[in-house]
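Please read the structure below before turning to the comments.
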Amino acid sequence: MKSVSFGLALVAMVLGLTACNQQPAANANVELAKAWVTAVSTSRTAAMEMVEQNMADQGLLYRDRYVGFGFQWDNQEGLEQGRMVVTNVIADSPVADILQAGDEFISVGGVEVNAENMDRLPFRGKPGEAVSAVVARDGQEIAIDVSRGIVSAPTSKAEMLEWMSGADDDDWGPEKWTLHEAVGEGNVVYVWTQAWNTDDVSGLPFEAHQVTRMTFNDEGKVTAIANLSEDRFVLEQMGYTISR
């Protein structure tokens, strides 16, 4: 009887040691998150392929919130031409019921829209403060008043791909970047990266850390992405200050 008990105890001990020596199962979501941020930082083609293949159709990219009007425009072409033409109006934003796609800003807060004044237009500022503007629509100039508000605009998979398709390959991604860490549990993964770049306008170098939070569905597709980055630190490295 003693030998039987000793044998069972020995088997239990061996099984326990084996379990202790086993490595925890790898989280496939962590590996995909690492591949995702690598692709996005490498090239436009790699980024588009990653989004197309691994993002759920109803997935969303949550962009940084800001205080302003709540519209989008083609800033690359607009900056070159000194024009600001609305391409998209963000739902539930301060201008959701005021602006339309195709509207062109003539002046904002009494400042004329041209190539020299693009960085002086008072779209950003204190929330709740009214700003007058003039837009051109169907050959007519229309005066509008907008009270700045908080704008939150998640971007869909289709919108991400549309934006990427029109981006410039030469301007894509940072000059240098590194992936410091990726951790996750279940369907939530956090990735910590750092990037170095040079400001096109000032020619000054800057660097910043970023934490990306990604969630996945049971099929391993990305359902949501949000970033926490050092925006203010980036501006300060280029000589900007924040003031009222």
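Which number gives the lysine pairs in the chain that have C-alpha atoms under 20 Å apart and are eight or more places apart or on different chains?
4
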### Query
To the nearest 20 debye, what is the magnitude of the charge dipole of region 66-151 about its Cα centre, counting +1 on the Cβ of each Lys and Arg and -1 on the Cβ of each Asp and Glu?
300
#### Entry: At R0 = 22 Å, FRET efficiency that the Cβ-Cβ distance of residue 57 and residue 35 yields, to 0.05
0.65
### Message
Compute, for region 117-174, the length of the dipole vector about the Cα centre, with Cβ point charges of +1 (Lys, Arg) and -1 (Asp, Glu) only. Units Debye, rounded to 20.
### Response
460
### Query
At q = 0.24, 0.25 Å⁻¹, what base-10 log of I(q)/I(0) does the Debye formula yield for region 66-151 when every alpha carbon is treated as an equal point scatterer in vacuo?
-1.34, -1.45
### Label point distance in nm, residue 140-residue 180, each placed 7 Å from Cα along Cα→Cβ
5.5
### Message
Positive end of the dipole of the chain, charges at C-beta (+1 Lys, Arg; -1 Asp, Glu), about the Cα centre: which of 182, 38, 89 has its Cα farthest in that direction?
### Response
182
### Query
Does anyone have the angle between helix 28-42 and the longest principal axis of the chain? Alpha-carbon axes, 0 to 90°, nearest 10?
40
## Note on the structure
So residue 97 and residue 45, fully extended at 0.36 nm per residue minus their Cα-Cα distance, gain in nm 15.1 nm
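Just to check, using Stokes-Einstein with a Kirkwood Rh over alpha carbon pairs, what's the diffusion coefficient of the chain at 20 °C and 1.002 mPa s in µm²/s?
After rounding, the answer is 99 µm²/s.
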### Task
State the Cα centre-to-centre distance between region 72-149 and region 199-239 in whole Å.
26
### Task
Using only Cα atoms, find the angle between the long axis of helix 44-54 and the longest principal axis of the chain, and express it within 0 to 90 degrees, rounded to the nearest 10.
60
### Task
Taking 7 Å along the Cα-to-C-beta vector as the label spot, tell me the residue 227-residue 170 distance in nanometres, rounded to one decimal.
2.2
### Message
Output the 0 to 90 degree angle, nearest 10, between the alpha-carbon long axis of helix 2-21 and the longest principal axis computed from the alpha carbons of the chain.
### Response
20
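No lab work stands behind these numbers, since they all come straight from the coordinates. The shown structure was predicted, so the numbers you read here are calculated from the model rather than taken from an experiment. Note that we place each Cβ from the backbone using ideal geometry, even for glycine, and neighbour counts take in every protein chain shown.
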